[in-house]
Amino acid sequence: MKKVKPHSQKNQSQYKPSLARIIAIEVESAVRDTRTFTLEFLDDAAREQFQYLPGQFAELSVAGAGEAPISITSSPTQPHPEFCIKRMGVVTRAIHNLSVGDTIGVRGPYGNTFPLETMEGKNIIFVAGGIGLAPLRSLIIYMLDAQHRSRYKDITIIYGARSPGDFLFKRDLKQWAQRQDVTYHETVDKADETYTGKEGFVPQLLEEVAPKSANAIALTCGPPIMIKFVLQGLTKLGFTPDQIITTLEMRMKCGIGKCGRCNIGPYYVCIDGPVFSYRQILGMPQEY
């Protein structure tokens, strides 16, 4: 698994965030608890130094509320960094209270990336649930970009949400479903009277779709219970632990491995991750 060294800035402490202005806010969910924030750095040097790849994350901060690690939702092929944020705790609530034009602190990027070179020439299967699509979206957009698309073979996206109103990135989903070079499948845990698609859980849809393991890499992210059964399902389909990649989003902490709260066995998720192969996860302490 390729590792990327934590971001550093010349003449600036790695603990000090750069200021960015919110230039767009997209409400993603029906209950308005998930929003995508598009940012623009105030300082040209900070903008140039914020170089990232799919899979990495940043620390976002609001004065008086603190900071939180958030996956970078956008692709580096896009003009501005984007962060899809679910309202859950003190910091994320403070971010949700911000408006277009307000400023926010950004520190990073941190962590390793999805193994882009290893995946070249492979069939790619994305399996996502709920907000777990956020970090995978960065890689999907990166792979579908015209300058990168030829490096990867068939792309399959399997995505599920609790309800139709909980689907994220609806414009992206529509575009992916319409592309000739993408196979898109979706499901909801519980349908309503307006939804005509599949009803059921993501692992069930994975079993039904049954992607082939030959010359393939599968990437998954979502609720822990979903990931558990997706890993089992992929294994039954013949995927080896080296062919399965996930991201331990919930274990990201300070970003630089100083607080120790991201530690799992020999790994520091903020430095060695958050992207790990299933092979690496199988080698982690059993209690995890």
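Residues that are in the same structural domain as SER138 (by TED's automatic domain parsing) and surrounded by fewer than 20 Cβ atoms within 10 Å (Cβ to Cβ) do occur in region 215-223. On the stretch given as region 247-276, residues that are among the polar types (S, T, N, Q) and in contact with a helix residue (DSSP H, G or I) (Cβ under 6 Å, 6 or more places away or on another chain) total 1.
May I ask you to say which residue of VAL188, VAL209, VAL182 is within 23 Å of LEU234 (Cα to Cα), surrounded by fewer than 17 Cβ atoms within 10 Å (Cβ to Cβ) and either modelled with pLDDT of 95 or more or more than 21 Å from the chain's Cα centre (by Cα) (or both)? Criteria check complete, one pass: VAL209.
Pairs meeting the criteria (first residue in region 233-258 and free of Cβ contacts under 8 Å to residues at least 60 places away in the same chain, second residue of a type in the set (S, T, N, Q) and buried (at least 20 other Cβ atoms within 10 Å of the Cβ), beta carbons under 6 Å, at least 6 apart or on different chains) are THR246/THR220. Are any of the residues in region 227-241 buried (at least 21 other Cβ atoms within 10 Å of the Cβ), of a type in the set (Val, Ile, Thr) and out of contact with any helix residue (DSSP H, G or I) (no Cβ under 6 Å at 6 or more places or on another chain)? Within region 227-241 (the criterion being buried (at least 21 other Cβ atoms within 10 Å of the Cβ), of a type in the set (Val, Ile, Thr) and out of contact with any helix residue (DSSP H, G or I) (no Cβ under 6 Å at 6 or more places or on another chain)), the answer is yes, since at least one residue qualifies. Going by what's in this entry, would GLY129 be described as within 27 Å of ILE227 (Cβ to Cβ), out of contact with any Ser or Thr (no Cβ under 7 Å at 6 or more places or on another chain), surrounded by 21 or more Cβ atoms within 10 Å (Cβ to Cβ) and modelled with pLDDT of 95 or more? When the stated conditions are applied, GLY129 passes them.
Does GLN204 satisfy the criteria of being surrounded by 13 or more Cβ atoms within 10 Å (Cβ to Cβ), out of contact with any helix residue (DSSP H, G or I) (no Cβ under 6 Å at 6 or more places or on another chain) and at negative phi? The answer is yes for GLN204. Screening region 227-259 for residues that are in contact with a strand residue (DSSP E or B) (Cβ under 8 Å, 6 or more places away or on another chain) and among the small types (Gly, Ala, Ser) and picking the one that is farthest from THR113 (Cα to Cα) gives GLY257. Of all residues in region 242-265, exactly one satisfies the criterion of being surrounded by fewer than 18 Cβ atoms within 10 Å (Cβ to Cβ) and part of a strand (DSSP E or B), namely ASN263.
The values are calculated or read from the model by the stated rules, or taken from the named source; none is laboratory data. Note that this is a predicted model, so its numbers are computed, not measured. Cβ atoms come from the backbone with ideal geometry, glycine included; neighbour counts cover every protein chain shown.
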